[in-house]
Each structure stands twice: as structure tokens, then as C-alpha cells.
Amino acid sequence: MVFYSGLPDLSMGSRLHGNLRAVIPTGAFAEISALCGGTEFCSPTLPKNFDLDFQLPAMNETFKVQVLSKDGSIQQVSISPSAGGAWSLLVDGLGMQGQVFEGADLFDALIVLRKQLERNGFRLLCAGARRDVLPSGMARSMGGARQVYVLELGKPATTLIDIFSAATSEEVGTVDEQQSFGRQWMTSLREKMK
């Protein structure tokens, strides 16, 4: 196991790099939650003397993900996530044997892969490609955005799902549709608070 410790400050908007999972003392969660107003959808500034220990977990999984083609046929790709310096997805299938897609986190790398597939008329049938999902800021900075929240207009997000879990063709959309729904969801929450 590799540990990193003694990070003096996680400033607003900063990101942790690599596949890092925080090991935070129990009392610290209350402090982080208070800084965020009880929600994960922010990036708090932690006190300068706040000490975090990070552990790099092994990522040796490969996911078989179905792909919908423009003619309606279903194919399959193998996706292997990695955090060897940068977040990446190693893809095999659909003529992409050994092609690597990188991003700021796994969700971002999945977006890069999805854009390439969309240009060729394909859509991944996985939860990370659903129109109604987005990762929280905390999931992005501390968990590599492996899990995303299911969004419902006008309601706070509470349900987490793995980005590689299966989704139906009716649930998935383009990257643009997903980003548009995320903006609509944020607007719906602001409207509800008025």
C-alpha cells in the first residue's frame, strides 16, 4: 500500500490527483459537512492544519459494457479503469483494441470515450451515460467519480450508482443531453429555494 499524508490545504476548486480515497477521522466529517452546508455539491476549503491520509487502492477490474449501434444492434466492449498517474480507461472492442481514454477523473474519461463513440454512431449502455446522472464535487476529488448521483428535477440528489453498471437504451443519452439535464436540475433546485 502507498500512503500520502500531510496535505496542508485543499483549496476551493482544487482536485486530488490519482485514485485517492481519504481516510478522515470521524469528527472531521461533521466539519466538512458544515462547510458544505450539509451537501456534497461543493468543494470546501479545509483548515490549513487539517491532515488527511490517502491510500491508493488497486484497480484491476474489467467491465463488460454493452454498446448500442445506430442500426439498433448491441455489441460489447471491455473497459478497464486505471489511476496510474492520470485517470484512464483502457478499452477493447469496436476496433479500439488497447485504446486509452484519459480524464480528470473516471467520469471525465468516460465522457471522452463517449464522445468518440457518438461520432461513430454508438452509445454506451452504462449508468455513466445516463442523461440523469452527475458526480458530486466530493466524488470527483476524492473518489475519482466512480459513482454518480441520479438526478430528479426539483429534488436533492440522494441515490448513488456505479458508472459501469448497466443502463437501458431509454436511459442513456449523448454527452450534450447529459450536461443539459445537469444544468436543468441545478436550475430546478434554485427555483425551488426561491
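The values are calculated or read from the model by the stated rules, or taken from the named source; none is laboratory data. Since we're looking at a predicted model, the values are computed, not measured. Neighbour counts run over all protein chains shown; Cβ positions are idealised from the backbone, glycine included. With ligands, DNA and RNA removed, areas are computed over all heavy atoms of the protein, side chains included. Shrake-Rupley method; radii C 1.70, N 1.55, O 1.52, S 1.80 Å.
See the values below:
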{"item": "Output for the stretch 178-194, where each listed residue is open to solvent by less than 80 Å² (accessible area, probe 1.4 Å) and touching a residue at least 24 places away in the same chain (Cβ under 8 Å)", "result": "Q178, F181, G182, W185, S188, L189"}
{"item": "Hits in the stretch 79-95 - residues which are surrounded by fewer than 18 Cβ atoms within 10 Å (Cβ to Cβ) and not in a strand (DSSP E or B)", "result": "G84, G85, A86, G93, L94, G95"}
{"item": "Which listed residue, of R131, R140, R114, is surrounded by 15 or more Cβ atoms within 10 Å (Cβ to Cβ) and over 30 Å from K192 (Cα atoms)", "result": "R114"}
{"item": "Residue tally, condition surrounded by fewer than 22 Cβ atoms within 10 Å (Cβ to Cβ), free of Cβ contacts under 8 Å to residues at least 60 places away in the same chain and either within 17 Å of T62 (Cα to Cα) or β-branched (V, I, T) (or both), over the stretch 143-166", "result": "7"}
{"item": "Positions within the stretch 119-143 being more than 10 Å from the chain's Cα centre (by Cα), closer than 20 Å to A166 by Cα and part of a loop (DSSP other than H, G, I, E, B), in sequence order", "result": "G121, L125, R131, D132"}
